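Okay, structure first, notes after.
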Amino acid sequence: MADEHHSAHEQRGRQEQERPAERRGAGERRGTEAVGEFVERFAAQLVDAGMPRMPSRVFACLLASETGVLTSAELGERLQISPAAVSGAVRYLSQVNMLSREREPGSRRDRYRVHSDQWYEALARRDNVLSRWEATLREGLASLGDTSPAAHRIGETLAFFEFMQGELGGMMERWRHHRDQLREGGADD
């Protein structure tokens with residue numbers, strides 16, 4: 001009887017040791033599912049903001065990956081998309097400087113890296129875009145005169161972009177300061 005009790009106790013002990021591993025497996029699956037749900041939800045929001053669907057999914061997948069770096073095959077596997085879809089998406093994201101392509105060490109395979117400062121870089125590049133828009137709006141305003149309703153709309157649009165251009169530099173400086181504090185371990189607001 002003591003042997004049966006001891007044997008049953010050992011069996012329960014082994015079962016208890018196995019359960020956390022099972023739970024971890026389920027937790028990892030839930031974690032993977034949660035990451036997948038985040039990727040699709042954030043990608044949908046990027047699409048709503050005007051970004052193409054596949055680049056949105058690839059960008060969100062890279063953003064949510066542990067290292068921020070994935071190969072084409074890894075992206076295809078995680079997103080369940082074809083190599084051609086990955087290729088088109090990374091081409092778009094490279095053109096708008098939201099990721100960079102790098103060679104995997106010791107391999108001929110490329111891998112794609114999302115930048116930690118990609119939003120800062122994207123806004124910094126907008127400075128040039130805003131300047132071009134302002135120049136075109138000034139030309140449009142000069143060609144229309146300043147009394148028509150169209151001239152009023154164009155003038156207000158120009159004023160908006162001039163305002164944004166003026167604010168952008170200060171906002172970017174404040175962000176750099178805030179980002180540096182975050183990286184040092186604490187933000188003082």
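The values are calculated or read from the model by the stated rules, or taken from the named source; none is laboratory data. What you see is a predicted model; the values in this text were computed from it and never measured. Here the Cβ is made from the backbone with ideal geometry for all residues, glycine too, and neighbour counts use every protein chain on show. Areas reflect the complete protein model, heavy atoms only, side chains present, ligands, DNA and RNA absent. Shrake-Rupley method; radii C 1.70, N 1.55, O 1.52, S 1.80 Å.
Structure above, values below:
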item: From phi via Karplus (6.51, -1.76, 1.60), per-residue ³J(HN,Hα) for segment 40-49 in Hz, x at Gly/Pro; result: 5, 5, 5, 4, 4, 5, 5, 4, 4, 7
item: Quotient of C-alpha Rg and 2.2 N^0.38 Å, computed over segment 62-113; result: 1.05
item: Placed amide H near Thr71: partners under 5 Å, 5+ positions off or other chain; result: Tyr112
item: Normalised convex hull volume, segment 77-176, alpha-carbon set, Å³ per residue; result: 157
item: Accessible surface, per residue, of segment 63-173 when the full set of protein chains is kept, probe 1.4 Å, Å²; result: 64
item: Dipole magnitude (debye, nearest 20) for segment 46-189, charges at Cβ of Lys, Arg, Asp, Glu; result: 760
item: Calculated FRET efficiency for the pair Phe163/Ser143, C-beta based, R₀ 22 Å, to 0.05; result: 0.45
item: For segment 31-75, alpha-carbon Rg over 2.2 N^0.38 Å; result: 1.09
item: Cα pair count fraction exceeding 15 Å, expressed as % - segment 43-131; result: 59
